[in-house]
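Colleague: Next up is a structure, given as structure tokens.
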Amino acid sequence: MGNKDSLQISYGNQAVILQDWGRLEEALALHKKEEALCLELGNKDGLQASYSNQALILQAWGRLEEAFELLGKVEALCLELGNKNGLQASYGNQAVILQDWGRLEEAFELLG
């Protein structure tokens, strides 16, 4: 594992801890650094995890369109990777946003 791989993992782990502490701005900044490294390294697994965590922060801030857009990227990456657990989580988070928007039929379809 290279230095950039280790750094990307470290950023992600630190960001998750900051999220748990409620320090969302700092967490998002680290997730953005993690995202940049994942893109540079071609690490699609790490990228979908970073996008998922960023979407949760955006959702907490009420920035639902941005969160939904990121969750669409997560969905595409999970489909490409065959990551069923990540895909299920993405659908669940998308459904919550759709529900908030009053788009209940679409939310129901995602969960079905």
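The values are calculated or read from the model by the stated rules, or taken from the named source; none is laboratory data. For clarity, every value in this text was computed on a predicted model and none was experimentally measured. Using ideal geometry, Cβ is built from the backbone for each residue, glycine included, and neighbour counts are taken over all protein chains shown. When the accessible area is computed, the model is the full protein with side chains, heavy atoms only, and any ligands, DNA or RNA have been set aside. Shrake-Rupley method; radii C 1.70, N 1.55, O 1.52, S 1.80 Å.
Colleague: Going residue by residue through region 44-60, is there one that turns out to be open to solvent by 30 Å² or more (accessible area, probe 1.4 Å) and at positive phi?
Modeller: no
Colleague: Counting only residues that are in contact with a Leu (Cβ under 7 Å, 6 or more places away or on another chain), open to solvent by 30 Å² or more (accessible area, probe 1.4 Å) and free of Cβ contacts under 8 Å to residues at least 24 places away in the same chain, which one in region 88-109 is nearest to S52 (Cα to Cα)?
Modeller: The residue in question is Y91.
Colleague: OK, next. What are the pairs, 6+ residues apart or on separate chains, where a residue within region 63-86 that is within 12 Å of S52 (Cβ to Cβ) and outside any helix (DSSP H, G or I) has its Cβ under 9 Å from a residue that is open to solvent by less than 40 Å² (accessible area, probe 1.4 Å) and modelled with pLDDT of 95 or more?
Modeller: If the second residue must be open to solvent by less than 40 Å² (accessible area, probe 1.4 Å) and modelled with pLDDT of 95 or more, the pairs left are N83/Q48; N83/L77.
Colleague: Looking at region 21-77 only, could you name the residues that are out of contact with any helix residue (DSSP H, G or I) (no Cβ under 7 Å at 6 or more places or on another chain) and of a type in the set (G, A, S)?
Modeller: G22, A29, A36, G42, G62, G72, A76
Colleague: Among (1) more than 22 Å from V96 (Cα to Cα); (2) part of a helix (DSSP H, G or I), there is one condition M1 misses while meeting the rest; what is its number?
Modeller: Condition not satisfied by M1: (2).
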